[in-house]
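Notes to accompany the following structure.
The values are calculated or read from the model by the stated rules, or taken from the named source; none is laboratory data. Because the structure is a prediction, the values reported are computed rather than measured. Here the Cβ is made from the backbone with ideal geometry for all residues, glycine too, and neighbour counts use every protein chain on show. Surface areas here come from the heavy atoms of the whole protein model, side chains and all, with no ligands, DNA or RNA. Shrake-Rupley method; radii C 1.70, N 1.55, O 1.52, S 1.80 Å.
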Amino acid sequence: MVQREKRLDSQRLLEGCLAAFIHAGTIELSLDQLAGRVGISKRMLIHYFGGREEIEEGAMALLEERLRRQFAPEAFAPAASLETVVSALWKQTTASESRGVLLLVMDLSRRAWNGSPRAQAFYAEQQRLWVQLLMKFLPRRPIVEELLQLYQGAVLAFLITGDAKPGKRSLLKFLSSRGRERG
């Protein structure tokens, strides 16, 4: 019973840590900052998780799980058009409540670029999930990969400018120009 309670407590704390990382838009919070945002002492964080790396690992795994559910092909109707799916994804991605997640994913991407094996694995898994999702609606891998690159660039421009319209316009233009290639 005590072990089960500790697992539940650590799961709640991990969810609180992920929420703190998302709110900050970065995983680069000190243990003191993280403890303050979660409402627990630094000592108790270490007690539950062992250290910073374990907290980050758990938070990344939890974020992966959430993103996997959010971007699962089953989340869309089987007969949905690719334009409908991309428009829904863009709307969800650029919603104000998604900003912290976007910034956190960008922070993890920066870590991947700097050589972090765990961040590289996170990035590779996100790429795989996006390709899997888009392939359900467009079974042409080269076009899906091109669309994904465009999408990622549009997200970066959105984060910089705060304007979602140019990105959506570019994505829909790409899809309409590739329409004849999809058949």
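Counting only residues that are open to solvent by less than 60 Å² (accessible area, probe 1.4 Å), free of Cβ contacts under 8 Å to residues at least 12 places away in the same chain and closer than 18 Å to Glu125 by Cβ, how many does the range 46-99 have?
1
Can Ala59 be described as over 23 Å from the mean Cα position of the chain (by Cα) and of a type in the set (A, V, I, L, M, F, W, C)?
It is false that Ala59 is over 23 Å from the mean Cα position of the chain (by Cα) and of a type in the set (A, V, I, L, M, F, W, C).
How many of the residues making up the range 79-96 are of a type in the set (A, V, I, L, M) and within 13 Å of the chain's Cα centre (by Cα)?
The qualifying residues number 1.
Against the condition in contact with a helix residue (DSSP H, G or I) (Cβ under 9 Å, 6 or more places away or on another chain), open to solvent by less than 20 Å² (accessible area, probe 1.4 Å), of a type in the set (A, V, I, L, M) and not in a loop (DSSP other than H, G, I, E, B), how does Leu102 come out, does it pass?
no
Do the conditions hold for Trp113, that is, is it within 19 Å of Gln70 (Cβ to Cβ) and not small (Gly, Ala, Ser)?
no
Could you tell me how many of the residues in the range 130-183 are in a loop (DSSP other than H, G, I, E, B), open to solvent by 50 Å² or more (accessible area, probe 1.4 Å) and closer than 19 Å to Ala72 by Cβ?
Of the residues in that region, 1 qualify.
State yes or no: is Arg43 open to solvent by 30 Å² or more (accessible area, probe 1.4 Å) and under 15 Å from the mean Cα position of the chain (by Cα)?
Here the answer is no, as Arg43 does not meet what is asked.
With respect to Ala119, is the statement that it is modelled with pLDDT under 95 and either open to solvent by less than 20 Å² (accessible area, probe 1.4 Å) or assigned to a helix (DSSP H, G or I) (or both) true? Outline the logic, then answer.
Values: modelled with pLDDT under 95: yes; either open to solvent by less than 20 Å² (accessible area, probe 1.4 Å) or assigned to a helix (DSSP H, G or I) (or both): yes.
So Ala119 passes the test.
Is it the case, given these coordinates, that Leu138 is touching a helix residue (DSSP H, G or I) at 6+ places or on another chain (Cβ under 6 Å) and under 30 Å from Cys17 (Cβ atoms)? Spell out the reasoning first.
Details: touching a helix residue (DSSP H, G or I) at 6+ places or on another chain (Cβ under 6 Å): yes; under 30 Å from Cys17 (Cβ atoms): no.
Here the answer is no, as Leu138 does not meet what is asked.
So, in the range 1-38, of the ones that are open to solvent by 70 Å² or more (accessible area, probe 1.4 Å) and outside any helix (DSSP H, G or I), which residue ends up modelled with the highest pLDDT?
Checked the range 1-38; the qualifying residue modelled with the highest pLDDT is Glu28.
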